[in-house]
Amino acid sequence: MIDEMEPMESKELLMEYRPKIRDTIEGAVIVLDQMKEIGRGRRVFMDVENTYGFQGSINRNGRWEARPALIIILDPDTRQALLWRVHDMPEKMDQVEEKLRDLSKYRKITTWGKETSLKNDELRDNIENVQWERNKNEVSLKDAAKHVGLNLLKLETMSNWSCETLRRDQKRYAGLDCLAVMKIVEKYPPSRQQNRK
């Protein structure tokens, strides 16, 4: 049976977690420090929503490059969901990534897919990407979620994460990918994921 992750149901799932919306490094560090203290060595689930066409920059190869707008970290141990708004601090992304790298020394940061908008090599090396592959192709989170009985509605995929205030539906959507990855890892720990490929 597949459970539809409709807005009301996703709201209920996410309400188990205390959402913490932060837009400064100092504010986010308070939440990250709590995560470091509790659940050492255990997983936290991270997703990065990018600026897409709303903001960004030209990289050194002359191509348009999105930059992080919102970093979501879901912590099953502290029951917190950090929604860290970083769209207004491109000049501070080195500091942001340093704080995430510091978290990775204490907790196992887990993602679905490579977070290519993060530039710190040491941080990227410390992130565990649990995305499945099938026939040498990456499996989408939406498809993988069906294996754990979830049907992700990807209505906000190209949302403007750089807007002044996140809408209620954006806040709900932001944590859903992390919740889905958590459910996938619970049912198919990375050592058993070979069975799903």
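FYI, it's all coordinate maths here, none of it is from the lab. As the structure is a computational prediction, the values presented were derived from the model and not from experiment. Here the Cβ is made from the backbone with ideal geometry for all residues, glycine too, and neighbour counts use every protein chain on show.
Based on other C-beta atoms within 10 Å, arrange Arg167, Arg22 from fewest to most.
Taking fewest neighbouring Cβ atoms as first place, the list is Arg167, Arg22.
Quote to one decimal, in nm, the extra length available between Asp121 and Asp33 on full extension: 0.36 nm per residue of separation minus the C-alpha distance between them.
Gain in length upon complete extension: 29.5 nm.
Quick one: compute a quarter of the convex hull surface over the Cα atoms of segment 82-197 and quote it in nm².
So the mean shadow area of the Cα hull is 8.1 nm².
If we sort 105-113, 67-75 on the protection proxy, mean other Cβ atoms within 10 Å, highest first, what's the order?
Top of the packing list down: 67-75, 105-113.
Can you flag which of Lys105/Lys146; Lys119/Lys142; Lys92/Lys146; Lys114/Lys183 are past 29 Å Cα-Cα?
With Cα atoms farther than 29 Å apart: Lys105/Lys146; Lys92/Lys146.
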